[in-house]
Every structure is written in structure tokens, then in C-alpha cells.
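Note sheet for the following structure.
We did not get these values from a lab; they are worked out from the coordinates using the rules stated. Being a predicted model, the structure only gives us computed values, none of them experimental. Counting neighbours? That spans all protein chains shown, and the Cβs are built from the backbone with ideal geometry, glycine included.
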Amino acid sequence: MRFVSFILGLAFSAVALAQSAPVKIGIGIAQTGTLGGGGKAALLALQMWVEDVNAKGGLLGRKVELLAYDDQSNPATTPGIYTKLLDVDKVDLLIAPYGTVPTAPIMPLVKQRGLLLMGNFSFQVNHTVKHDMWFNNAPWGDATSWTEGFLRIGQNIGAQTIAFIAADQEFAQNLANGAKEIAKKSGLKTVYEQNYPPATVDFSAMIRAIRAAKPDMVFVCSYPNDSVAIVRAVNEIGVGPTVKLFGGGMVGLQFTPVMESLGSSLNGIVNYHSYVPGMKYPGIEDFLQRYAKKAAEAKVDPLGFYLPPFNYAIGQILEQAVAATKSLDQKLLARHLHSHEFNTIVGPISWGPDGERARPAVPMIQFRNVADKNVEQFRQIGKQVILHPPQFKSGDPVVPYEKARGGN
Amino acid sequence: MKFWIGMAVTVALAAGLALSRTNEYFFYAGFVVLQFVVLATAWNILGGYAGYVNFGTAAFFGIGAYTAVVLFKAAGAPLALQILAAAVISGLLGFGTGLLTLRLRGIFFSIATVAVIFIMETAMVNWRYVGGATGMQLLRPPVMEPFESYTRMLFVTMAILAVIAVSIARYIEVSWIGRGLRAIRDSEEAAECFGVPTLQLKLFACTVSGALMGAAGAAMPMYMSFIEPPSSFSLTYSVSALAMPMIGGTSHWLGPVIGAILLGSVQQIVTVTISNEINVLVVGVLLVVFVVAAPDGVLGLLKKLRWWLRSSR
Amino acid sequence: MSFELLLEAIVFGVLLGCFYAAVSIGLSVAFGLLDVPHVAHPAIMVLGSYCTYVLGRYGWDPIVAGIALMPLFFLLGVAIYRFYYESFEKRGSDAGVRGLAFFFGLAFIIEVGLILVFGVDQRMVEAAYIGRSLALGEFRIPWRMVVAFGVALALTAGLTIYLSRTFTGRAIKAVAQDEPALRLMGANPVRIKQWAFGIATGVTALAGAMLIVVGPVEPSLDRVYIGRTFAVVVLAGLGSMTGTLAAGLILGISESIVLMQFGASWAPAVAFGLLLVALGIRPQGLFGR
Amino acid sequence: MVAPLLQVKGVSKHFGGFSALSEVSLEVAEGERFGLIGPNGSGKTTLINCVSGALRNEAGSIVFRGEEISRLAAYQRTRRGIARSFQIPRPFHSMSVLENLVVPLGYVVGLNDADAHAEALRILKTIGLADKAQTPSNRLSQVELRKLELARAMAARPRLLISDEAMAGLAGNEVDEVLKILFDLNATGITIIMIEHIMQAVMRFSQRVICLDAGRIICEGTPAGIVKNPDVQRAYLGA
């Protein structure tokens, strides 16, 4: 009898799936331009979730359909893309583009229309608009949540002076400004600061200047293209024996192609991440295994530690919220999201009133024993040792940086 | 007369659409296309009529946008005032750039305008008041009656700007100024020898063109509710403003309008259909195909077609 | 600023400046001598970098790869010029405006082509001189910059000698100055320009190899270099090879000093400000005819 | 004595290290037919470029109708009554023949559009191009282009017309045609400076001739006197 009802249920849901219109989820996400590399990996993860949820019968018994457009990493395109999603494609749910800049232009739009928006690795983008239906998936909150790990590790080992290098770009500046404030509050003395413009050719002179300033730690806020050049220059010039910690906010060192090509020159760098092997979340390993197969086919980031799990998590959160409220009503969903915690492949997630994570946890990792030309090594525990936060901690920092680097 | 009726109809149509129940997406996409109509028309005043290639559209556009932001932040100035001020500042920038380099051969002017983009962008990156490198989010003021949404209002504003830009371009084209500019393009030395005050005319064209580009830029911060240097000074604006008149035809005011509507719409469409690398390719391929195969643009093709039809009859 | 730091700034500036000169020298021939508004020059250079990258995966040294690519790029240059000539220069009127648009389109197509083949990720090469530095006491200079320095000097010297000592070289210079006179001499200016454009493009292959030696490349890197290369060529005075080297040095050193003194943020403004001032005061360039 | 129409006093011009003109002085009287000859590269075109304003002279002064003009822009000089034709015709190639004339009629004379068109047609008639008025100027034959150059110069209503090799490359009867136009113009009171390679034409046309060589005036005189001058013969024969 139970078997029969199961069959019936399956048949019914299949009928329902076929009959009712799909639940449409819309996103504009960079496939080209500076954010394109990350965007492609993120989109792949979202598509995996769509397959998974449809295999389980969809949302509210309806099939899920993902509509994704390329925002070209350009904020000028996102208002058009999102109105197309809303008014022409009539999507039911929205996910924000990858990154702060493309997200910023749609914040007033969603606020004005009272729509739920799932944030996608942006930084403090809701700060001005203060939309109460915004939920960011990123493991960070404000600048403090991000930088305090790095600064605390430094202070624990007796650092008193700090140097800053930051890209003249949106996110890097936000981060650096926050870090400078915290450094000041915690009594760290800033001995050098340098903002560099996009497309800086060579960082030798900057690294040389840092060496001359003899700081105890160096906080770097850089973009992918520059991160590589900076790491390279550091390996050539050396930052000097005084520097205990180097890194912090280097975007790009989470992306597999970059990690692979830098290889052993990553060793010793302490940098933020979102997920690294060793962080025990239920389901993440299975996800990454499946992801690796698809990524190889799609020729996107093969490891996919940085963005993909968190994009899959967006899907899981929506799935759980829709299932719990049995509705696609935006206000209802938002209320539910604010008042509950969600279990995802990147751990339990809940939000503060501003829609950022209630308990941000930005792992600070140190690269150790990385060899050249080997992608698979990064799947091992211990290549990226977690120094912070305490709940994930897997080791103590090796200092000074020159020693950790294995250099002179 | 026919022209003015056409322009009035355009504005009326835009306003009518904005007050109707037309899909909101239309206004977002339409705003962008109209913005390119203004940019292409403005570019054509100097580039098409006088043959001086301005690569710096992005600089004038960006400075227009930032002027608007400054006024908005400092005084909460209304949109019309922002646009007006942006036109003045960008016009001055055009005048200054022109004064420095329009005496030289055309290519030097082109290179100088590239330099202006970088200088202006660097200045904005380092100016904290307007957000510097991090950019700045802007809260739109409440929408004015009778419009239902701010974007509808921006759409109508841009339609009016487009009509103004086209009217100015047409006036210049049919007036003595246009004849002088064409003379400059054909042979600057001969023009000067036959009484055309070439430097003054070029400066005038550069100023007007810069001002219109600035006006187009002024509406952008409100459209995005956000401003940041890289996207404000994006090379895309420079390339599109040059490509559109080339595709439409540079010798007539209608050319840039056709080019902007054509290429602008194609860009909007591929963004939401193809959604990968190919959409960047569209501009490049269209540009090359047109400058090689149809040097006088769509207008030239139409002329040829008409001539062919007449002669085959 | 201490003397030591100033000295360092100048040394790094010289290295950077030589690099700028090397990436500009092809344009110095194409635009400076031949008057072709070659805005696709940086895109072709990036293409050269990617070709070097491909050869690098088969174990080629990047500089060797760059040299090996030169004949191939020479042919590419000849083809591009031929096409440009047939489509624009021959038709006469408005060659400038349309030619510019054409090269812009070409640059776009190369860029997207690279994205389609290689993706948007950065690519880099390996060589013994990458990732190591020359240590002079406390002072260290990355070898890759030293290599760039050497390549720049070699290119400048080679082109200068070629243009002044060989018959074809002198014909190229003549074509720049007085085309009718050359025609009277019985030489075909189009053939000579085609040859010269080929050389300019061939040289660009080596510059591309150097670009990927100095730092990682990605397909849209060409946009960054449009302004810089034209700035160097114009600052130099059109078509002067030694001038190109000198202008590159001025740019490199001033950027380096600005970085030390005022902060790197202002470096682009300085480079392009310099260009504007040069155009305003001395449009024939620092070393122009 | 009446002041001369044009006075060139000690004018010099260098290109790099090359001295194109050195201290050239000459005077042209109102109504005169004046010939300027000299071998290739002797500085003829540089001199008239300095007079018309395409180039700025370095030393010396250029006085036109009692006014120092050497710091004026070319278009201002045209408005004061100096017009020229170009050695290699430079029509406004995107315009019709008629429109080519409308440019100076508007910018120099200051006529409105309708008057300018009427006047342009009148000039084209006198010069024999009326049937080509609507033809795009890039479809003209060589002799028609030469005529257009002259017609456009006439449209500027000059007091001084500088004709820069207006007959180069023309056949014998075509040369006569152009010469006749120039004679007719002179008859209406326009002073003409003729630069010409075709000796026969200069000699027939000019009342007075100056010969330039290597940027200097080597002799001045009547056509008949000039041909016999040994310096001129040497300059031309390169002896």
C-alpha cells in the first residue's frame, strides 16, 4: 500500500511537473570581462543545483529553470538585464550578479519593487540602500569581519607595524580602508601605504619600498591580475626579514589557474579564502567531486573552492525556504530567511538585519609545501593551513614570511 | 518643417510610451540605445563632418557623469540642472583639449583624447568626495509626476536629449558651419585658404560635441544609482560612439542615428540572447565589415540601392 | 626622499622605460614612419604573447619563441597592410578615419578570438630568468626586467642600423618623408610600406614574447597599452627609433619617481599628462624631425 | 607714387637645417601681371605659402595694402583680398562644383545661401563650367579641376590672385584656355602672381618676372630680359 502511494505520488508529481509552468530563477552573471572566470564557475554550480532540485521534483512540484545573462563585468548592463529578467522573462526569484560593482545598480530596483535578492559575494553593497530583503551568501560581513583575522594573527605573534598595498579599485579600496581603521584602533603603526592603479606593469619598486620600510606585516588588497605579479615580484625581490605575515586580501589566489601557475611561490602567503579542504561541512566533498567532473567538461575552474559551493548554497537556501513557506511570495520568503538558519554545503547560514552573515567567518589560510604544476595537490589538507577563525583552525602560522616561503 | 514635426513626434511618442503600460524593460534598454544616439550624434559633429576622430568619448561621458554626481551630492540638484552643468563642464573640457591639440594633424588630436580619458579617470579615482576608486551608491530622489518610475522619466529625458542633439547636429550640418567643417574634412589647407576659420570651427565642433557627450553621461549615475571610475570611463563608449556613425554613415545627421539604433539594439539583444564572448565580437565584426565593404555606411548602401533601382527601371 | 631611494627609483624606472620602448617600437615604425593609425598594435602584441605561451608549453624559451615567431608575424603584417592598403589607402579619401575604425575592429576581433581559444584567465610562461633576481648587495633587480632591458636595446639598435645602413631601410625612411621623390627613384612605395609594416609586426612578436616574460597576460591586456604605446611614439617624435627609447625611459623614470614620491595612483595621469604637454608645446616630439 | 599692393620685405623660412627662403624682398603693384619662376625646390611655393598664410615666415614682413599681414591666419588674409589656387588641385571633394564656390562666397564675401548660389553659377558661366555645376568635384577631368581651382579663387573676390602652376600637365589648347581666363581676370582689375613651369605661358602673360633659386632672388626684369639672363640660364640648366 505504501508502495502504491509512493508510485502514485511520483506519478502525480511528474504530472504536476509537466503541467505547471516552471519556477524561473534569474541571474545576470559575468561570463566575460574581469569577473568572467569566477562567474563561469559560479554559474556551473547554480546549474548543478538546478539539476539536483529538478531530480528531486523541483520547487513546489514545479520544474526549476535558471535564466542567466552575461553582465560582461560591467555595471552599466545590469539594470537592463534585471528588468528583462523581471518584466519580460517574469522570473520568480532573483540572484545577484557575482561581485559588488555589478550588484550596486540593481539594489535600488529591488528595493523599490520589494523583491528578494540573494547576494553573491559582494561586499557591503546594501550599506547605502538598506534593503531588508537582501541576503548575501559570502562568508564575510563588514571590513572588520574580513581583516581582523589577519591582524589578530599578526598581533598574536608580536607584530607592531604594518604596510598596505591596495589596488585602486572598488573592493580592494573598501577592504584596505576598513583594515587601516582597525589597524589604527588596535595600535598597529602604519609604516607604508601605497595604492596602485589598474594595469600596473611591474611591482618591483613597490616591493622594494616595502622592504625599505621594514614592516612586521604586509596587508595586500589586490585583484587577480595584479596578485600574480605581486607574488612574483615578492619572490624576486624579497620583502625582508622583518615581515612576519604577508597577504590578507589578495583576490585571485583562490582561483585554480592562478594557484596552479604560481605553484611553490605561493608558500608562506597568508590570505583569505571562503572554503578550503579541511573545513568539515556535510555534503561539500560530494559536491566538489561532482563539480570537478562538470568543470573539466566546461573548462572552468577545476577545483572550485571559492565561489561554486556558495552558489550551490544559494540554491539550497532558496529550496529550503520555498519548501518551508510553500510559497514564492517574496515578503514571506524574506521573513523566513531572516528568522531561520539554513544548512548548506558551506555550513549553517543565517543573517543579521543588514542581510550580511550573522556569524561571518572568513578563513585565513597559509599556503604550505605547495609544489609547482600540480592542481590536485590543493585538494589535500595541509596545503592551505587554516589559521583563523578558531573553529576551523588547523595549524599555527609559520613566521617570518621569508622562512615560510622557504627562501632566504 | 518635416524635420521638426518628426522631432516633435519622437518626443511625444517617447512621453506617450513612458506614460503607457509598456513593459519596464523597454525603458531600460531604450534608455541605453537613446544614450548611444546622443553619443554617436555628438561624435559625428566633429568626427563625421570635420574628419577629426575623437577617441575620448569616454572621457567626456565620464566627466559628465561625475559632474552630475558632484552637483547631486553637494546640492541635491535636479536632473535637468545636472545635465546642463555636465554639458558645460564637458564642453569646456572639449574646448581645452581642442585648444591644445586641434592645431595639429588629426591623429594627434585622436591620441590626445585617449590621454584625456586616462587623466580624467585617474583624477576621479583619487577624488574621495565622489567615492574615489570604491565608487559611490546614489539614492535616487522620488520620481516626479506624472511618471510611474524614475527610469521612465530618464527615458523621456534621454529622448529629449537625443532630439536636441540631432537638431543641433542637423543645424550645424545644413548651416555655414557644416559647410566649413566639410571643407576642413576634404582639405583643411584649401578650407583655410578660402576663408574658413578652421581652428575656430573645429574648436566650436569639439566643444559642442563634448558638451553633448557630457549631457548623455549626466543621466548615467541616476540610471545606475551608482558610479565608479572604470565603468564611467569605459573604452566601450569611445568605440561605440565611433562605430555607430561609421556603420550608419557619417555625412548625414541620420547616419549616426541609424547606426546607434542598429548597433545599440543588436548589443541589447545579444546581451540577453547569446550571453557569452560572442556579444563582444559583434561590434568588432560589424565595424570591420562596414568600413571595408560599405564605406558610406547604411546611408551609402541605401543611396546605392536607390540608384540601382532607378537605373534598372 | 633619500638618495638611495631616488637611485632605486631611477634604476627601476630605466628598466620599466626600456620595456615601454620595446613594446612601442613596432608602432614607431607603423605609425611613426608609415602613418598607419595602427591601434591594433597592442592587440597583435598580445597575440604574440599567446603564441609564445603556446610554444612555451612545448618547452620553448620565451625569447627564442619570440624570435622564431618574427617571420610568421612579418607575413601577418604584410597581409594586414595589403588589406589596409587595398581597402583604405588606395581609395584615398578618409583613409585616416576609416583606417582607425578598421584597426579598432581588428583589435576587438583578436581579443575575442583569444578569449574563445584561451579563456579569460591569465597566462604566463616559465624560464630560468623568471622569478629570480640579480642581487647586488641589498639591492635586487628581477632578471625578467633585465631581459626586457636587453631586448629593448637590441631592438632599438637593430632597427636604427637597419633603417640607416641598408638600402631598404633608407627607402622606408624615404617613404615616410617624401613619397613622390621615392616614386621618381623608381621604387614602389606600396611595396616598401608593405615590407616595413611586416617588419613592424615581426618586431611586435618579440615584444609580445617580452610582455609575457615581464608579467602574466590576459586577452584584454591590449587596451592598457593603446594609450601607453601611442604616448611613447608621439613623445619620441614620429619614427625616431632612438627617440622611442628615450621617450620610453622618460615615461618609465617619471612613473617610477611619481610612485615613490606621490603614490602609484597618479602614475597614469603623469604619463598622459606628459603626452598632452608634449603635444601642446612640441608637437613634433622630443626627437622629431 | 602709389603704394604697391603687396610688399615682401626680407622674408626668410627654414625647414630644419634647410633654408628654403632667405631674405626675399619684392613688390607687386596693383593691377600687375607678375611672374614667379625658378627651378624645382627654389622656394617659389614656400614664398607664396608665406604670402597666403599656409606658412609663417620667420624674419621679415609681408605688407598687403599697407597692412602687415604676416601674423594673420590664412583665412584672414583671404578676407583681406589674397586668394590662391593650388599646384595639385584640392577641391572639396565631397561637394559639388557649385558648392565648392559657395564656401568662399559665404566665408569670404559673406553672401547668404541663395545669393551665393546665384553668384557661384555666374562665376561658373564665365569660366565655362556651368554645365558641371551639380557634378561632384571628384568626378572632374584634369582641366576642369584647374578651372575649378581658379573659379573658387575668383569666388573669394580677391584683389590679388596667386596662381600656383595652374597649367601643369595641360595640353596646348587647354593652356590657352586657362591663360585666357587669367587675362580676363586681370582685365577686371585683379592683380595676378603666376607661378609657372611652362616658360612660354609665363613669358606671354607676365609684365614683370622674378626668378628664384635656392631661396634667393637671382634676377628681376621683363620677360624678354629674364630669358637672356645668364644666372637664370645657369639655374635652369644646372650648370
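Table for the structure above
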quantity	calculated
Percentage relative contact order, chain A, counting C-alpha pairs under 8 Å, at least six apart	18
Percent breakdown of C-alpha pair distances by 5 Å bin, ordered from the shortest bin, for region C:3-281	1, 6, 12, 17, 19, 17, 13, 8, 4, 2, 1, 0, 0
10 Å Cβ neighbours from other chains, averaged over peptide B:127-138	5
Calculated [θ] (222 nm, deg cm²/dmol) that DSSP helices of n ≥ 4 give over the protein assembly as shown, each run adding -39,500 (n - 2.57)	-18000 deg cm²/dmol
Whole-number percent relative contact order across region C:3-281, with pairs defined as alpha carbons under 8 Å at least 6 apart	41
Taking N as its residue count, the alpha carbon Rg of region A:108-266 over 2.2 N^0.38 Å	1.13
Mean projected area in nm² (Cα convex hull; one quarter of hull surface) for region D:176-227	3.9
Greater than 28 Å apart at Cα, pairs in A:Lys63/A:Lys293; A:Lys40/A:Lys90; A:Lys40/A:Lys63; A:Lys40/A:Lys331	A:Lys40/A:Lys331
Relative contact order (%) - region B:2-236, alpha-carbon pairs under 8 angstrom, separation at least six	41
Mean projected area (nm²) of the alpha-carbon convex hull when region B:57-135 is viewed from all directions	5.1
Evaluated at q = 0.13, 0.18, 0.27 Å⁻¹: base-10 log I(q)/I(0), Debye formula over Cα of region B:103-156	-0.64, -0.76, -0.94
Rg/Rh for region D:152-238, where both radii come from Cα atoms and Rh is the Kirkwood radius	0.98
Estimated D of region B:1-66 in µm² per second, where Rh is the Kirkwood radius over Cα pairs and Stokes-Einstein applies at 10 °C, 1.306 mPa s	113
Sequence-distant residues sharing a close amide H with C:Arg132 (under 5 Å, placed H)	C:Trp143, C:Arg144
Distance histogram for region B:201-313 (every C-alpha pair counted, 5 angstrom bins, percent rounded to whole numbers)	2, 10, 14, 19, 19, 16, 9, 5, 3, 1, 1, 0
Cα point-scatterer Debye curve for chain B, base-10 log of I(q)/I(0) at q = 0.10, 0.13 Å⁻¹	-0.55, -0.94
Distant alpha-carbon pairs in region C:49-108 (separation over 16 angstrom), percent	57
Compactness index (Cα Rg / 2.2 N^0.38 Å), region C:193-287	1.16
Rounded Å value of the spacing that divides the Cα centres of region D:138-161 and region D:1-74	22
Entries in D:Lys13/D:Lys147; D:Lys147/D:Lys180; A:Lys244/A:Lys403 that, when Cα-Cα distance is taken, lie over 21 Å	D:Lys13/D:Lys147
Residues A:His273, A:His127 arranged by fewest to most Cβ contacts within 10 Å	A:His127, A:His273
DSSP bridge orientation in the protein assembly as shown - percent antiparallel, rounded to nearest 5	45
Euclidean distance of C-alpha centroids, region D:173-216 and region A:195-271, integer Å	76
Size-normalised alpha-carbon gyration radius of chain D, reference 2.2 N^0.38 Å	1.00
Hits among lysines - C-alpha to C-alpha of C:Lys173 under 22 Å, sequence gap 8 or more where chains match	C:Lys90, C:Lys193
Column: log10 I(q)/I(0), Debye, Cα scatterers of region A:350-393, q = 0.14, 0.22 Å⁻¹	-0.48, -0.76
Estimated translational D of region A:216-313 in µm²/s (Stokes, Kirkwood radius over Cα pairs; 10 °C; 1.306 mPa s)	108
Taking only Cα atoms of chain A, radius of gyration then Dmax in Å	22.0, 80
For region C:144-252, convex hull volume per residue from C-alpha positions, Å³	105
Amide H within-cut-off set for D:Ser70, under 5 Å, with H built and near neighbours excluded	D:Ile62
Footprinting exposure proxy for B:Trp307, C:Trp143 (fewest neighbouring C-beta atoms within 10 Å first)	B:Trp307, C:Trp143
Share antiparallel - DSSP beta bridges, chain A, percent rounded to 5	25
Value of Rg/Rh across region D:1-107 [Cα atoms, Kirkwood radius]	0.99
Hydrodynamic radius (Kirkwood) for region A:178-229, which is based on Cα pairs only, to one decimal in Å	12.3
Volume per residue that the Cα convex hull of the protein assembly as shown spans, once the total is divided by residue count, Å³	199
Ranking of D:Arg152, D:Arg56, A:Arg405 by count of other Cβ atoms within 10 Å, fewest first	D:Arg56, A:Arg405, D:Arg152
Phi to ³J(HN,Hα) by Karplus 6.51 cos²θ - 1.76 cosθ + 1.60 over region B:81-87, Hz, x for Gly, Pro	5, 4, 5, 4, 5, 4, 4
Cα centroid separation - region B:133-188 against region B:242-305, whole Å	20
10 Å binning of all Cα-Cα separations within region B:114-236, expressed as whole percents from 0 upward	11, 29, 28, 21, 10, 1
J(HN,Hα) series, region C:262-279, from Karplus relation 6.51 cos²θ - 1.76 cosθ + 1.60, nearest Hz, glycine and proline x	10, x, 5, 3, 8, 4, x, 4, 5, 4, 7, x, 4, 4, 4, 4, 4, 5
